[in-house]
Amino acid sequence: MLNQAHRLKDFSKFISQAKKAARLVSTTTESRQASLSWVAMGVLAGGGLVAGTALQDGLKAEDYNLHPPSFAWSHEGMLSSLDHAGIRRGFQVYKQVCAACHSIDQIAYRNLVGVSHTSEEARALAEQVLVTDGPDEEGNMFERPGKLSDYMPNPYANEEAARAANNGAYPPDLSLIANARHNGDNYIFSLLVGYWEEPPAGVELREGQAFNVYFPGQAISMAQQLYPGVMEYDDGTPATVSQMAKDIVVFLKWAAEPEHDDRKRMGIKALTILSMCAAFALYYKRHKWSVLKSRKLVYVEK
């Protein structure tokens, strides 16, 4: 009887353990199915995201344009300044070539002083321009010679006049063009030297347009402006097309960031002072904490 009782007890334990195992197997199967469903949803979501990204990249219009190459500009370094001789030559290119259509209304003649011209030279440049001022004591507007405080004049009275003189195209202001365009310096240089005398076969241009490989769409309303011999530099530098394009880029970079050199100079000063302060703080910290870091704790049993 005792053996039968032990056997029944062992059998009941086996049955209970089997039930627990079956319950665990069913739970594991359900959780595995749930995990597989989440994995499938993740795969589908990831695939859709990749497909959408690939489709978006494939539909960008700028991918069909020729990207300008990267040039080693002397002012790109962290400690490099602008070429001030290039700024002076670039201003000469702007004045003799670009100023007929493009304005640069955020630069005053006084901004040239100490950068590319002396005070007397900048004042002489300003006096060559007649500026509308007033009203006078009788309420009338009048014209006077320019002053250092005057901003460079706009070649057109308004946007409508600019469009009428350029077959409907509006020449943009060049004050911030070097920063407003993607890859600004390289783009402007490539644009100025990227004209073709004749468009490729199959390309039709409207009247007044020119073919430029770096302009979006390749049909640009601005004709080629830089030619060999179109001007002569005052300092005797050969006025090649690439030289004029380089100088106007340097000038426009300065026009977009007149504080370029001052900002880098201030950065050098700030880093120098902060380095000295960091060294002093490190020494002071080690001096103050040396007592705590070098002490020895001894526990004496009593």
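Figures for the structure shown
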| item | result |
| --- | --- |
| Student exercise, the range 59-149 dipole from Lys, Arg, Asp, Glu Cβ charges, in Debye to nearest 20 | 400 debye |
| Estimated dipole of the range 242-281 in Debye, rounded to 20 [Cβ of Lys and Arg +1, of Asp and Glu -1, Cα centre] | 120 debye |
| Gyration tensor (alpha-carbon) shape descriptor, the range 189-251, a/c threshold 1.5 | prolate |
| Summed residue charge, Cβ within 12 Å of residue 173's Cβ, Lys/Arg positive, Asp/Glu negative | -2 |
| Shape of the range 79-215, Cα gyration tensor, a/c cut at 1.5 | oblate |
| C-alpha center-to-center spacing [the range 258-302, the range 184-205] in angstrom | 56 Å |
| Prolate/oblate/rounded call for the range 143-281, Cα gyration tensor, a/c under 1.5 rounded | prolate |
| Sites residue 277 and residue 78 - FRET efficiency at Förster radius 22 Å, r taken between beta-carbons, to 0.05 | 0.60 |
| Theoretical FRET efficiency, 1/(1+(r/R0)^6), r = Cβ-Cβ of residue 113 and residue 143, R0 25 Å, to 0.05 | 0.55 |
| Under 10 Å, Cβ to Cβ, from residue 88 - net charge with Lys/Arg +1 and Asp/Glu -1 | -4 |
| Net dipole in debye of the range 86-192 [+1 Lys, Arg Cβ; -1 Asp, Glu Cβ; about Cα centre; nearest 20] | 640 debye |
| Local electrostatic count at residue 221 - Lys and Arg +1, Asp and Glu -1, tallied over other residues with Cβ under 13 Å | +1 |
| Per-peptide average of other Cβ atoms within 10 Å, ordering 82-89, 290-297, 199-206 highest first | 82-89, 199-206, 290-297 |
| Using θ = phi - 60° and Karplus 6.51 cos²θ - 1.76 cosθ + 1.60, couplings along the range 133-147 (whole Hz; Gly, Pro as x) | 9, x, x, 7, 5, 9, x, 9, 7, 9, 10, 9, x, x, 10 |
| Subset of 147/246; 95/264; 147/269 violating a 31 Å alpha-carbon distance limit | 147/269 |
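No lab work stands behind these numbers, since they all come straight from the coordinates. No experiment lies behind these values; they were computed from the predicted model shown. Here the Cβ is made from the backbone with ideal geometry for all residues, glycine too, and neighbour counts use every protein chain on show.
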